[in-house]
Amino acid sequence: MAKTVHEDLFFLPKVDYFVHRVCMPDWVIERQLIDFHDLTYVVEGQGEYIVDDVAHPVSKGDLIYIKPGAWREAATSADKPMVLYAFNMKLMDKACQPTQLPLPLISKLERNPKVDHLLERIKQHVALREATSVMLTTALLMEVISEILLTTGLVQGSGSDPRVQKAAAFVMENIHRHISAGEIGAAVGVHPGYLNKLTMKNTGKTVSRFITNIRVNMAEDAIVYEGISVSEAASRFGFSDIYHFSKVFKKNKGYPPSTAKTLLR
């Protein structure tokens, strides 16, 4: 069952094995009974995972989650070898008891610059093997898991009500310009006043704050992970000018957009 916006989610991974693998054409995983969580993201190529003797074709953008106690085997396509990130890990809840992710065996993860960036940072920390690398890798993987749950809609929030989800999609599609509550209501098929009740119930924000939150979060991601300037972010995400953008950003985040890259990278 999906969590509500008022419940805490906590997943603490202990990574036993991590790899960024560029598969050779003859790459396989031999059949084995696993006692860990396998979380694998296919960046490129095609292949097949066989879980409990059921074959599942996988391709670019697929996220594979295999729970402990499953029989697992895999192979890549020789013509289109896979490039993948894979984690073998233990997983605990906030009481340090074994738990599992609310993910299906196979899900589609659309390209996400933030996830790409986090995975690259994990790769770097694993390669460095410094005293703090395990802590940093764990924190980054927790952020990857959080991003996956949010972007796939598996965590109840703006995605818990299809009308709020449609409202978020409309805002993102028209992020470059001013958007009124009336426009969103018309796109979703509800009165603006009722839309406000829906966003308050599902996200804890008024429609206006809901729109601003999406704008600011998308702008911050673009500044940090795409490297665009504050001026470009203001223009791309529908703010009238850089001064208005900076004021709204700081009010929402507690720091100016000019420092976001330094603080978050």
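Determine if region 128-138 includes at least one residue that is over 30 Å from F18 (Cβ atoms) and not acidic (D, E).
No, that holds for no residue.
Check whether at least one residue in region 101-110 is among the polar types (S, T, N, Q), not in a loop (DSSP other than H, G, I, E, B) and not assigned by TED's automatic domain parsing to the domain that holds D62, and report yes or no.
no
Which one of F245, F239 is surrounded by 14 or more Cβ atoms within 10 Å (Cβ to Cβ), touching a residue at least 12 places away in the same chain (Cβ under 8 Å) and not in a helix (DSSP H, G or I)?
The unique qualifying residue is F239.
Going by what's in this entry, would E120 be described as surrounded by 12 or more Cβ atoms within 10 Å (Cβ to Cβ), among the acidic types (D, E), outside the structural domain of Y85 (by TED's automatic domain parsing) and more than 14 Å from K14 (Cα to Cα)?
yes
Taking into account only those residues within region 135-192 that are acidic (D, E) and within 30 Å of H244 (Cα to Cα), which is modelled with the lowest pLDDT?
Residue satisfying both the conditions and the ranking: E147.
Filter region 193-215 for residues that are part of a loop (DSSP other than H, G, I, E, B) and touching a helix residue (DSSP H, G or I) at 6+ places or on another chain (Cβ under 7 Å); which is modelled with the highest pLDDT?
Taking the candidates together, the pick is T206.
Need pairs with beta-carbon distance below 6 Å; first residue surrounded by 15 or more Cβ atoms within 10 Å (Cβ to Cβ) and within region 93-104, second not hydroxyl-bearing (S, T, Y); sequence gap 6+ or separate chains.
What qualifies is T99/L91; T99/D93; P102/L154.
Filter region 170-189 down to the residues that are surrounded by 14 or more Cβ atoms within 10 Å (Cβ to Cβ) and assigned to a helix (DSSP H, G or I) and list them by number.
F170, V171, A181, E183, I184, G185, A186, A187, V188
Restricting attention to region 129-144, does a residue exist that is more than 30 Å from L12 (Cα to Cα) and either touching a residue at least 60 places away in the same chain (Cβ under 8 Å) or aliphatic (A, V, I, L, M) (or both)?
There is no residue in region 129-144 that is more than 30 Å from L12 (Cα to Cα) and either touching a residue at least 60 places away in the same chain (Cβ under 8 Å) or aliphatic (A, V, I, L, M) (or both).
Answer with yes or no whether E30 is among the acidic types (D, E) and either surrounded by 15 or more Cβ atoms within 10 Å (Cβ to Cβ) or modelled with pLDDT of 95 or more (or both).
yes
Please give the number of the condition S146 fails out of (1) surrounded by fewer than 16 Cβ atoms within 10 Å (Cβ to Cβ); (2) in contact with a Lys or Arg (Cβ under 9 Å, 6 or more places away or on another chain); (3) of a type in the set (S, T, Y).
(2)
Have a look at A233, A167, A260 and point out the one that is under 26 Å from R121 (Cβ atoms), among the small types (G, A, S), out of contact with any strand residue (DSSP E or B) (no Cβ under 7 Å at 6 or more places or on another chain) and in contact (Cβ under 8 Å) with a residue 40 or more places away in the chain.
A260
Restricting to region 72-108, count the residues that are within 13 Å of H56 (Cβ to Cβ) and in contact with a Lys or Arg (Cβ under 6 Å, 6 or more places away or on another chain).
So the count comes out to 1.
The values are calculated or read from the model by the stated rules, or taken from the named source; none is laboratory data. Quantities reported herein were computed from a predicted structural model and do not represent experimental measurements. Cβ atoms come from the backbone with ideal geometry, glycine included; neighbour counts cover every protein chain shown.
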